[in-house]
Every structure is written in C-alpha cells, then in structure tokens.
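**Q** First the structure, which I've put down as structure tokens, then a few questions once you've had a look.
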Amino acid sequence: MPAVPLEHGLILAGILFAIGTAGVLVRRNIIFMLMSVEIMLNAAGLAFVVAGSARQQADGQVMFIFILAMAAAEVAVGLALVLQLYHRFATLDADAARTMRG
Amino acid sequence: MFDLLWLIPALPLAGFVILVFIGPRLSNLGVAIVGVGSIGLSAVAAILTGIEFVISPPPAHAYTLIVRPWMQVGSFAPEIALYLDALSVVMILIVTFVGFLIHLYSAENMIEEEGYSRFFAYMNLFVASMLVLVLADNLVFLYLGWEGVGLCSYLLIGFWYKEAANGQAAIKAFIVTRIGDTAMAIGLFFLFNSLGTLQIQEIMHRAVEQWPVGSGAAILAAALLLGGALGKSAQVPLQTWLPDAMAGPTPVSALIHAATMVTAGVYLIARTNILFTLAPPVQFAVGIIGCATLLIAGFSAMVQADIKRVLAYSTISQIGYMFLALGVGAWSSAIFHFVTHAFFKALLFLGAGVVITGLHHERDMFKMGGLRKQLPLTFWTFLVGAASLAALPLVTGGFYSKDPIVWHAWMAPRGGLWLGMGGLIGVLVTSIYSFRMVFLTFFGEPKAYISKRPTVLIHLPLVVLAILSVIIGFIELPHTLGNVRIFSNFLSTALPAAAAADAAAQGETIFEILCAVITLVGIYVAYILFLQRPKYADDLVAHATAATAHRLWFSGWGFDRLYDKLFVGPFVWVARINSSDVVDLIYSGLAGLAQAFHRMLSSTQSGIIRHYAMGIAIGAVLAIAIMVFT
C-alpha cells in the first residue's frame, strides 16, 4: 500500500483546522461551536498521526489517543455548560451570554 | 552689679505667662494687678538700673549680662544676653514707664471689654518683646524681640476679632511689616556670613576693620537692615499698615505708637549706627525716606476725619523726623525726639481714648466738638500733648527735640537745603493738623455728650504724661537757650556725636525763630480754618484742585490703591489661576491617559465568546507569522 505523502496529510489537517476555526468564529449556535472545536481537535490529531507515520514512530498515535481522552473530557464539560446556558437563557445562542462584558 | 537687669524683660513675660494660664479664672481686679503690676515692677527695676548706671557707670559704659547660651551650631552660638549701655537705658526707661502708664489707663479703659485678661496678656508680651529687642546683645536675640513685637501687634490690632475688618487690618499690619522683616533676616544671614558673628558690638568692630567706607558689603548690609526698620517703623514705602492699625483698642495704639513697635526701626538704626556710617548712600537714603515720609504722612493727617487716623499719620510723620535725624547723623537728636514723642503721643492717644470711649466709640472729629467744658482735664492734657506735637516754642518738649532735627537736617554735612526745607514744611503741617484736631474736638458747638466720665486711674497717666511732655524738653536745650546737654552727654557714650553740631552753633537762633514762627502760623491757620471761619475750609475743599489734593491726601496718597493694583491684584490673579493647581495638571494628565487606555481595553471585553475566539485566532496567526517570517 503506497504511503500517503506527508504534505497531503498535513494539508488535509490544515484544511480541517481552518474549517473548524471558521465554524467556531461564525456560528452562533453553541452546539455547532462545540462541534467545530471537535473538528479542530481532530485536525490536530490527524497532523500528529500523519507526522508519526512519516517518521515511522509511535509517538504520533500516542498523542492522538491522548487527544481523544482530552476531547472526551472537553465534551463532557462543554455539554454541561451548554445545558446550563440553555437553562438560564432558554436559547442556544452563544451571544446571549454576554453579561460578562466589561 | 545690675542685679535687677534680667528682671526688666522677665517680669512682663512672667505676667504674660500667668495671665495666659490662669487669667480667665482671675477676677478683673486680679488680672489688672498682674497685668499692670508686672509692668510697674519692671519700670521700678528699670529706674533703679538707670540710677545705678548713672551713679556708677560700668567700665566702658557698657555692661553685658549673659543669662545662658541659647544654641550652638558650629561657630554660630548666639547667647541669651542683655546689653546695657546709655542707649538701652533710655529705651528701657521709656518702654517700661510709658508702658506702665498705658497699662494703668487700660485697667480702667478696657474694664468693660470681653477678654480683659487676654488683653493684658498680649500687652505684657508686647512690652516684654520690646524690652528683649532693646536689651538684646546679639542680632538673633534682637530678632526674637522684633518678631515678638510683630506678633503682638497682630494679636492686639485684631483684638476685637469678631469684626472682619479688624482681622484684615491685623493681617495687613503683619504682612507689610513682614516684608521688612524678611529683608532684615536676609541682612542677618549676610552679616553672619561675611563677618562670622551676630554679636552687635563685635559686628561693629569687625565691620570697621574689614569694610572700607562706601564698600558694597557695607551698603548691602545697611540697606537690608534699613528694610527691616522701614517695615516696623512704618516709613515710606511700607507705611500703609499703620493707619489701618487703628482698628485695635486705643491703649494698643498708644503702646504701638509711643513706646513699642514703631520706634524699633529707629532703635535698630541708632544701635547699628556704625554700619550706616560705613554706607553713606544708605544713610542718605534714610534721610530722604524720613523727609518724604514726614511730608506724605503730615499732609494726610491734615485731612483725616477719624481722630485716631490723624494721630496715626502724625506718628508716621514724627518717626519720619527721627529717620531724618538718623539720616543726617544727628543720632542723639533722633533718640531725644523718640523720648519726647513717646510722652506726647501716648498722652494724645490716651486723651483721644477718653473722648472715644465717652462718645460710644465715635471717632469722627466732625461729630465731636465743644468737649472742653465736659472733659476739662482731658482737654488741658490733650492741649499740652498737641502743643508738644506741634512744637510750640519754648515751653514744650516737642520744640526742643524737633528744632535740632530741622537744624541738623539743614546744616549737617550729610544734610542739605532740601532736607531742611522738608523739615520746615513738616513743622507747619504738623502744627496745622495738631490744632485742627484740638479745635474740632474740644472747641466750637457741642455736638455730642459724654456718657462716661473718666476716673482717677485714667486721669493719673494723662497728668503724668502731660507734665513729662513739658519738662522733658528742659534736659536738652540748644546752644542759644541755655545749652543744657544732659541728654546728649548721657548718650555720648553709646552714640557718636552729631557732626558739626558742637563746632559752631551757626544759624541755630535763626532756625529756632523760624520754627517758632512757622508753628505759630500753623496754629493760626488752623484757628482760622477750623474754628473761626470753617466756611473757608469748606470753600477750599470745594475748589477743584484742592478737592483733588484732599482726596489724594485723605486716601494716604493712594498708596493703598497702588499696592492693590501692583501687588495684591497680580497675586490674587495668580492665586486664582493656580487655585486649580497648575503643577497637578501633569499628574492628573497621566491619570487621565491611563483611564483612557483602560476604557479602550475594557470595551474589548464584549462578553461575546466569538470575539474572544477571534482574538485568539488572530493572535495565533500573528504569533506563527512572526515565528515563520523572522
């Protein structure tokens, strides 16, 4: 099986990361923002895996498992926050929670 | 030897301390006993000291009593020391004796006033300060008395502090004299810096050794001391405080004008006469200032309506005579005029006080009149005082003290035609305003009635002062009239003889006759204008030129307005501008800048999470870009 070139993998990771970032920045629905953050995390994980495979080392996959664990924790906290937000403001619009402005 | 010397200033000071601490709890009688008694005992001590000084003069006719060291800073070690010579003997006798009579009078005159013990406390401190001033052995100790006198004048002029105008008069007196005091303090610094001592006799010795006549240092030192003297003695250009100082009770005016305070400048110049001899331009300036002052104040005195203001201007004018005498080197004549002036001016003020108190604090002479019958004794004593002020020939002390001054002013090497002429015009003016005062107050139709008759406590000082005003003249008679020289011989051990005074009595007779005639003419003019034909005076004032002069003189030659424009106005202007603290603008500007930045930053905290995320993203991009491209 021919190996995927490193550049291709990294470009894909970069595209995914950009999509995720754009999602965080433009979406107002907090669920979608959370999902966009997941995409960004996975883009970073993909970059690790691609780099690990290119160097024939296991470190990249170790880091990906680490990211998976962290993403799980993040989703747990994030969903709890989403629930609280919904309770308090009866909406999923992140801009509604702007009472913390200076 | 001179065991009582230290008691002379200590007794009034003790009286002050007692009155300050337990005065309010004493009865009025107790306050009077402490207040008057301390000065009385001090006067007795002064008289005994004076007698001892005459009978068994100390070696070199000077005695120094070192009470204790005061402070020691390097080579600067002033002592609390009293210096007794002929000049200080004369000064302490006048200060304590006239001071005692004024205190005696106040005991009765002030009895109904609130703050009786406060009054006597201040008066005692006043006399104590003046005694320190005239007895001090070094200039630092003298300066202590000098400032004490200034403080007490402030306290006493503002004695009736419940009226704002009195407080303002007190502040004015304090600030105007302070201008002079500052010059004097700088003079002390300069003297110590260049001569290394402030002990008065030592200064004189070293000055003669180190400074040639007319050298810049001598001129500077003498000019700075003169500045102090001008302020305290109310001479042009610092004379404006004295007429306003009339806001105080009448005994205070008597004390300020006769025995203490205003004569301090005369004393200072006489005491440091060697320094002034070394600086001929400054000494000449003393004469010019004296001459100008005596004329300016004399003309102002002629048109005042307030009896106390007449007396105030006359004091300025008479001190002007003393300065004139000092300026032409007639040292003992100046001190002799101080002595006679102390008696007759105290007498005049106390007499005026009787009138003012009797008429419910009425001071306008045009509302008085005809008081001769109602207050016979006050009238006669006041007449003696006014005659002495006007230098009525042959019988009054004022004649024997003023005539030599005019003569010296004209004839002495440092004098001249103009100074002499000024003095002669001053004689005319003095006699006019003195008798204007007498005629308006005591003659003519009665316009007011005395409600309060003076008692013996008030009559006694008046009679004693009247007698002294007359007989004091006979201890110093001119060459042509007996040539009695008791006073100047006594002072000759402390003050240099007047130049050319004894060489030839040239022209003295002419001057005596001239002075006498001028005085009589002045009295006659006053008689015509203010008693026989008051219409003439009214016509005169109605005339345009005369009216302008009248207004000018009435306002004291507009000095107050000039100073208001020149100094007070700009000062108030600067103060108003600076009331918002110009320097603070820098610091409040810094604070404002920080606040502006703060507001900008706090507006970025919008509460919208996407904005924060945007910030993080842009920051990350920038950070990476910097890392990649540099």
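The values are calculated or read from the model by the stated rules, or taken from the named source; none is laboratory data. All values derive from a computational prediction rather than experimental measurement. All Cβ positions, glycine included, derive from the backbone under ideal geometry; neighbour counts span all protein chains shown. For the accessible areas, the whole protein counts, side chains as well, though only heavy atoms, and no ligand, DNA or RNA atoms are used. Shrake-Rupley method; radii C 1.70, N 1.55, O 1.52, S 1.80 Å.
Rundown of residues vs (1) surrounded by fewer than 24 Cβ atoms within 10 Å (Cβ to Cβ); (2) in contact with a Cys (Cβ under 7 Å, 6 or more places away or on another chain); (3) under 23 Å from B:Ala448 (Cα atoms), yes/no style:
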site	(1), (2), (3)
B:Trp380	yes, no, yes
B:Gly385	no, no, yes
B:Val395	yes, no, no
B:Gly398	no, no, no
B:Ser401	no, no, no
B:Val406	no, yes, no
B:Gly416	yes, no, no
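**Q** Take the residues of region B:506-554 that are without any contact (Cβ under 8 Å) to a residue 12 or more places away in the chain and part of a loop (DSSP other than H, G, I, E, B): which is nearest to B:Tyr400 (Cα to Cα)?
**A** Across region B:506-554, the extreme among qualifying residues is B:Arg533.
**Q** Another question about this same structure. Anything in region B:1-26 that is under 24 Å from B:Leu82 (Cα atoms) and not in a helix (DSSP H, G or I)? List them, or say none.
**A** B:Met1, B:Phe2, B:Asp3, B:Leu4, B:Leu5, B:Trp6
**Q** Confirm whether B:Val310 is β-branched (Val, Ile, Thr), in a helix (DSSP H, G or I), out of contact with any Leu (no Cβ under 8 Å at 6 or more places or on another chain) and open to solvent by less than 10 Å² (accessible area, probe 1.4 Å).
**A** Spelling it out, B:Val310 is indeed β-branched (Val, Ile, Thr), in a helix (DSSP H, G or I), out of contact with any Leu (no Cβ under 8 Å at 6 or more places or on another chain) and open to solvent by less than 10 Å² (accessible area, probe 1.4 Å).
**Q** For region A:36-55, check the following and say yes or no: at least one residue is at pLDDT below 90, open to solvent by 90 Å² or more (accessible area, probe 1.4 Å) and either more than 14 Å from every other protein chain (Cβ to nearest Cβ) or in contact with a Cys (Cβ under 7 Å, 6 or more places away or on another chain) (or both).
**A** Scanning region A:36-55, I find at least one residue that is at pLDDT below 90, open to solvent by 90 Å² or more (accessible area, probe 1.4 Å) and either more than 14 Å from every other protein chain (Cβ to nearest Cβ) or in contact with a Cys (Cβ under 7 Å, 6 or more places away or on another chain) (or both), so the answer is yes.
**Q** Assess whether A:Phe32 counts as being within 11 Å of chain B (Cβ to nearest Cβ) and either out of contact with any Phe, Trp or Tyr (no Cβ under 9 Å at 6 or more places or on another chain) or without any contact (Cβ under 8 Å) to a residue 12 or more places away in the chain (or both).
**A** no
**Q** Let me ask something else about it. Name the pairs whose Cβ atoms lie under 8 Å apart, with the first residue in region A:68-85 and free of Cβ contacts under 8 Å to residues at least 60 places away in the same chain and among the small types (Gly, Ala, Ser), the second open to solvent by less than 60 Å² (accessible area, probe 1.4 Å) and in a helix (DSSP H, G or I), and 6 or more positions between them or separate chains?
**A** A:Ala71/A:Glu38; A:Ala71/A:Leu41; A:Gly78/A:Leu34; A:Gly78/A:Val37
**Q** OK, next. Examine region B:227-249 for a residue that is polar (S, T, N, Q) and under 22 Å from B:Leu350 (Cβ atoms), and state whether such a residue exists.
**A** yes
**Q** In addition: Got at least one residue in region B:561-569 being open to solvent by less than 70 Å² (accessible area, probe 1.4 Å), of a type in the set (Asp, Glu) and either more than 14 Å from chain A (Cβ to nearest Cβ) or on the phi > 0 side of the Ramachandran plot (or both)?
**A** No, region B:561-569 contains no residue that is open to solvent by less than 70 Å² (accessible area, probe 1.4 Å), of a type in the set (Asp, Glu) and either more than 14 Å from chain A (Cβ to nearest Cβ) or on the phi > 0 side of the Ramachandran plot (or both).
**Q** Just name the residue that is farthest from B:Ile274 (Cα to Cα) out of those in region B:200-235 that are of a type in the set (A, V, I, L, M) and not in a helix (DSSP H, G or I).
**A** Among them, the one singled out is B:Ala234.
**Q** Let me ask something else about it. Among the residues that make up region B:531-539, is at least one of them of a type in the set (A, V, I, L, M, F, W, C) and in contact with a helix residue (DSSP H, G or I) (Cβ under 8 Å, 6 or more places away or on another chain)?
**A** yes
**Q** Can you pull out the residues in region B:450-498 that are under 17 Å from B:Ala346 (Cα atoms) and assigned to a loop (DSSP other than H, G, I, E, B)?
**A** Selection gives B:Pro454 alone.
**Q** Are any of the residues in region A:61-71 part of a loop (DSSP other than H, G, I, E, B), open to solvent by 60 Å² or more (accessible area, probe 1.4 Å), farther than 19 Å from A:Val37 by Cβ and away from chain B (no Cβ under 14 Å)?
**A** Checked against the condition, which is being part of a loop (DSSP other than H, G, I, E, B), open to solvent by 60 Å² or more (accessible area, probe 1.4 Å), farther than 19 Å from A:Val37 by Cβ and away from chain B (no Cβ under 14 Å), region A:61-71 yields no hits at all.
**Q** Then there's this: Of (1) modelled with pLDDT under 90; (2) loosely packed, with under 15 Cβ neighbours inside 10 Å; (3) closer than 26 Å to B:Tyr612 by Cα, A:Arg28 satisfies all except one. Which?
**A** Unmet for A:Arg28, out of (1) modelled with pLDDT under 90; (2) loosely packed, with under 15 Cβ neighbours inside 10 Å; (3) closer than 26 Å to B:Tyr612 by Cα: (2).
**Q** Can you give me the number of residues within region B:580-622 that are open to solvent by less than 50 Å² (accessible area, probe 1.4 Å) and more than 10 Å from chain A (Cβ to nearest Cβ)?
**A** So the answer is 5.
**Q** While we're here: If I ask for residues that are part of a loop (DSSP other than H, G, I, E, B) and within 16 Å of B:Leu84 (Cβ to Cβ), which ones from region B:27-65 would you list?
**A** B:Ser56, B:Pro57, B:Pro58
**Q** Would a scan of region B:191-199 turn up a residue that is part of a loop (DSSP other than H, G, I, E, B), more than 30 Å from B:Thr49 (Cα to Cα) and of a type outside the set (S, T, N, Q)?
**A** yes
**Q** Looking for whichever is out of contact with any Asp or Glu (no Cβ under 6 Å at 6 or more places or on another chain) and under 29 Å from B:Pro59 (Cα atoms) here; the options are B:Ile471, B:Ile475. Which one fits?
**A** The unique qualifying residue is B:Ile475.
**Q** Sticking with this one: Would you please name the residue that is nearest to the chain's Cα centre (by Cα), looking only at residues in region B:65-92 that are open to solvent by 60 Å² or more (accessible area, probe 1.4 Å) and closer than 20 Å to B:Asp3 by Cβ?
**A** Residue satisfying both the conditions and the ranking: B:Glu79.
**Q** Here is a follow-up. I'm trying to understand the selection: among the residues of region A:83-102, which are open to solvent by less than 60 Å² (accessible area, probe 1.4 Å) and away from every other protein chain (no Cβ under 12 Å)?
**A** Listed by number, the residues that qualify are A:Thr91, A:Leu92.
**Q** Could you run through region B:540-560 and say how many residues are hydroxyl-bearing (Ser, Thr, Tyr) and surrounded by 12 or more Cβ atoms within 10 Å (Cβ to Cβ)?
**A** The total comes to 1.
**Q** To continue, here is another question. So in region A:72-82, with the set limited to residues that are of a type in the set (Gly, Ala, Ser) and closer than 20 Å to B:Gly607 by Cα, which one is nearest to the other protein chains (Cβ to nearest Cβ)?
**A** It comes out as A:Gly78.
**Q** Out of everything in region B:135-162 that is in contact (Cβ under 8 Å) with a residue 40 or more places away in the chain and not in a helix (DSSP H, G or I), what residue ends up being most open to solvent (accessible area, probe 1.4 Å)?
**A** Once the filter is applied, the top-ranked residue is B:Trp160.
**Q** Follow-up. Which of the numbered conditions does A:Ile11 fail, given that it passes all the others? Conditions: (1) β-branched (Val, Ile, Thr); (2) within 13 Å of chain B (Cβ to nearest Cβ); (3) part of a helix (DSSP H, G or I); (4) surrounded by fewer than 16 Cβ atoms within 10 Å (Cβ to Cβ).
**A** (2)
**Q** Consider region B:30-49. How many of its residues are open to solvent by 30 Å² or more (accessible area, probe 1.4 Å) and within 18 Å of B:Val90 (Cβ to Cβ)?
**A** Going through region B:30-49 one residue at a time, the tally reaches 3.
**Q** Here is a further query. Is region B:422-436 home to any residue that is part of a helix (DSSP H, G or I), closer than 26 Å to B:Ala107 by Cα and either open to solvent by 20 Å² or more (accessible area, probe 1.4 Å) or touching an Asp or Glu at 6+ places or on another chain (Cβ under 9 Å) (or both)?
**A** Within region B:422-436 (the criterion being part of a helix (DSSP H, G or I), closer than 26 Å to B:Ala107 by Cα and either open to solvent by 20 Å² or more (accessible area, probe 1.4 Å) or touching an Asp or Glu at 6+ places or on another chain (Cβ under 9 Å) (or both)), the answer is no, since none of the residues qualifies.
**Q** Restricting to region B:506-538, name every residue that is farther than 15 Å from B:Met437 by Cβ and either open to solvent by 80 Å² or more (accessible area, probe 1.4 Å) or of a type in the set (Gly, Ala, Ser) (or both).
**A** Hits for region B:506-538 are B:Gln506, B:Gly507, B:Ile510, B:Ile513, B:Ala516, B:Leu520, B:Tyr524, B:Gln532, B:Arg533, B:Lys535, B:Tyr536, B:Asp538.
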